[in-house]
1. So how much slack lies between Gln55 and Glu751, counting 0.36 nm per residue of separation and subtracting their Cα-Cα distance, in nm?
2. Using a Förster distance of 22 angstrom, determine the FRET efficiency expected from the C-beta separation of Asp561 and Gln600, and round it to 0.05.
3. When DSSP assigns beta bridges and you keep just the ones with both residues in the chain, what percent turn out antiparallel, to the nearest 5?
4. Principal axes first, then extents: for the Cα atoms of segment 350-433, list largest minus smallest coordinate on each axis, whole Å, largest first.
5. How would you rank 216-227, 86-97, 280-291, highest first, on the average number of other Cβ atoms within 10 Å across their residues?
6. For Phe71 and Asp133, what does the FRET efficiency come to when R0 = 56 Å and r is the distance between their Cβ atoms, rounded to the nearest 0.05?
7. If you find the alpha carbon centre of segment 566-596 and of segment 502-558, how far apart are they in angstrom?
8. Could you tell me how far the Cα centroid of segment 325-367 sits from the Cα centroid of segment 672-701, in Å?
Amino acid sequence: MADEPKTAETATPDPLDFHPADQIAEAADQLASSGARALEGSSFQQEQLSHLAIQHGQDITQSFWDSVTAFWQEAVELAPKMMTPDGAMQSAAYLTDSAQRGLLFLDTLRERGNSYVEREAEGFKPVLVFDYDLVADGRTFERPVNYALVRIKPPAGAPPQREDGRPFVIIDPRAGHGSGIGGYKSDSEVGVALMDGHPVYFVIFFPEPEPGQTLADVCAAEAAFLAEVLRRHPDAPKPLVTGNCQGGWAAMLLAATNPHLPGPLVIAGAPLSYWAGTSGRNPLRYFGGLMGGVVPALLASDLGAGRFDGANLVMNFETLNPGNTWWRKYYALFADVDKEAARFLEFERWWSGFYFMNEAEIRWIVETLFIGNKLTQGTAVLDDGRPVDLRRIKSPIVVFASHGDNITPPEQALFWIADLYKTTAEIRAHSQVIIYTLHESVGHLGIFVSSSVARKQHKQITSTVKTIEALAPGLYEMTIVEAPDRPHVAFEAREISDLLALGDNREEEVEFASVARLSELGSEIYEITLRPLVKSLATPASAQALRQAHPMRQQRYLLSDLNPFLAAVAPLSSEVRRQRDGEAIEEAKANPFRRLEELQAGLIEASWNLFRDSRDAAYELAFHSLYGQPGVTALAKEPRVIPGLHDLRQLPAVRRAIEEAAQGGYGEGVIRMLILMAKARGSVRRSRLERSNAILQSAAPFAEMTTEERSRIIHEQSLIVEFAPEEAITTLPRLLPKKAERQQALDLVLEIAGPLEEMSPPTLAMLKQLQNLLETKATGWHAPSYEVMPFGGERNNPAAAE
């Protein structure tokens, strides 16, 4: 008899034969309706809010379901392997292996705790892996600060440092952790610069700030450090200053208030435009508003008897991605504890060092930067009354950001450029060179701690900084393409619109302006109500007790030798290490039960991510609900719009350059022709920049010039080409009146530009136009084998691509 069809009630469900489309749609609809009700009347349009809520619901549920499906699919495939006659033996072997790994895992955490206790007792010295000499101690300054300048000693095998070579100065981030992360291993920013023969200096800081220390004092101390570096290297170019994260905006403050001191600036993962971001991403920017602005920082400082505990900032970073912080990081250690323990402990030496700030410092940072976003509005003022205008910076600026950075996304790292300059013409009018480079995936810390990033991005930045001062003013994207022999590096001309395309619209920023205004009101209310009471109750003893009780410290105290219950861990783990050999470890990794463990770990991480994404969506919707209300947005101060000149030709530097377009000689003529050809091309390859820099440093009259003199000529000629293009062409013969000079100049330009076969059609067209104008042909000129398109035509020469 044929089998009867199974009904829905009697059929055995197949765990893989279902799809939660209905559940996803229902969850998304519920989230959308609740979000829309909460956000009704906000500054966002209702349709936009509903779309945002639906998108959140769909993304969150679909992502989690994909993880569940992948888990079950592979788990079902593993089941037959675990049910073989050898399954019991494999199970026993897995239990033994996991127990051993668990003990080694616990012992590693114990070692981390011991390291923390030891470092705390010694005062949390910098985690630099390199030896160094103290150059200047800010604690001895007239206005003392807890900063110092050290010079890194090159390790064995490094080339000798060239005293006339460009010094490198690295400013580490002071954002809760200790100093030294920029050089805590050999493959780092410090290591790359040392292997290139540069003198390397490092700005370190100590755990406790000096009494009364302010950000203005810190900025003045860092300026004194740079002045000392300049004094020690009088024959070298101005120092390159690298700022990581918080050190990035510190470097920008330094350069804006002391534009005569630094050379090129490299700011890595540094937030400068704090309200920028993309809807549905970057939830950290909403957190300050939901927490009440600056008031929590003031309260924490008062409870700390005038000191703000950096452990609070570290805990904020940890909660940002709990799946990684509280699960994946530790599971990665547990899964491969034999190899991962050393790397884990190395990083935790830095991550586990918690430093402090004065109340004045954290208040300035929160009110001026994180909440107020005053730096890019031109309203930032240091504690000593000095205004900060980033447009005063004269050094080339290199910005390194990553799409995988959830703390400083590209929008926050780059949109300050669009805030300061409405067009790239304004950038050129201010003789500014701004270069940015984007990584596709590396996280925030990876920007300045990843070995692969150090060997690629930082190495290329270090190698090309020798030549970027030869770039004409403008906005460029630095692209790096791997190649078998040497990475291909090019500087592509970009527009402000290219930056803004990295994010969505900026309509949300009125809500952040509301946060800033309410934060000001909240701080005033706190200061006249609760603050006197809190300060009267807080004592040094109570502040110390709060610090010791902080969860970030307690988890390290409890998992250390201070805990007597862990006394047996060390001897047992030593015995386990003797039993585990390489062959047994690799065999254990092939165990199907081990693979099931990895699948379960992935599912647990997906569950944490589900929590994180739901929480972040709630943050965003709650933020818009609270700060998007018409009554709230009415409180917002209109952000100051930095005025842009309608006629940039009226800027004094531009007007002077145009008036002197017909003045100059051979040097000005060569530089102008090079700029005209570069503008026709639209990008500059590293090889051409290096060739240009090398030739201009050796050929007369450039060899007798200083770097600053050559840069001045480049900037002046760039202004002429940009704002008086007709005069730039027509006055060129007056700079080169003699035929011999014209011949020599064209030959030098062609030598720098490279073979004709590698030129794009617009470049060839410009070169031909210059030859016709000067009535001279460059030596080696020949008619191209393909038709030269008019100036500005399509660049279709495949040989021009590097």
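The values are calculated or read from the model by the stated rules, or taken from the named source; none is laboratory data. These figures come from a predicted structure and were not determined experimentally. Glycine also receives a Cβ, built like all others from the backbone with ideal geometry; neighbour counts cover every protein chain displayed. Just the protein is used for accessible areas: all its heavy atoms, side chains included, with ligands, DNA and RNA removed. Shrake-Rupley method; radii C 1.70, N 1.55, O 1.52, S 1.80 Å.
1. 245.0 nm
2. Computed FRET efficiency for Asp561 and Gln600: 0.10.
3. 50
4. Projected onto the principal axes, the Cα atoms of segment 350-433 cover 44, 37, 22 Å.
5. Numbers: 216-227: 22.6, 86-97: 14.2, 280-291: 19.1.
Packing proxy ranking, top to bottom: 216-227, 280-291, 86-97.
6. It comes to 0.55.
7. 45
8. Each part's Cα centre sits 45 Å from the other's.
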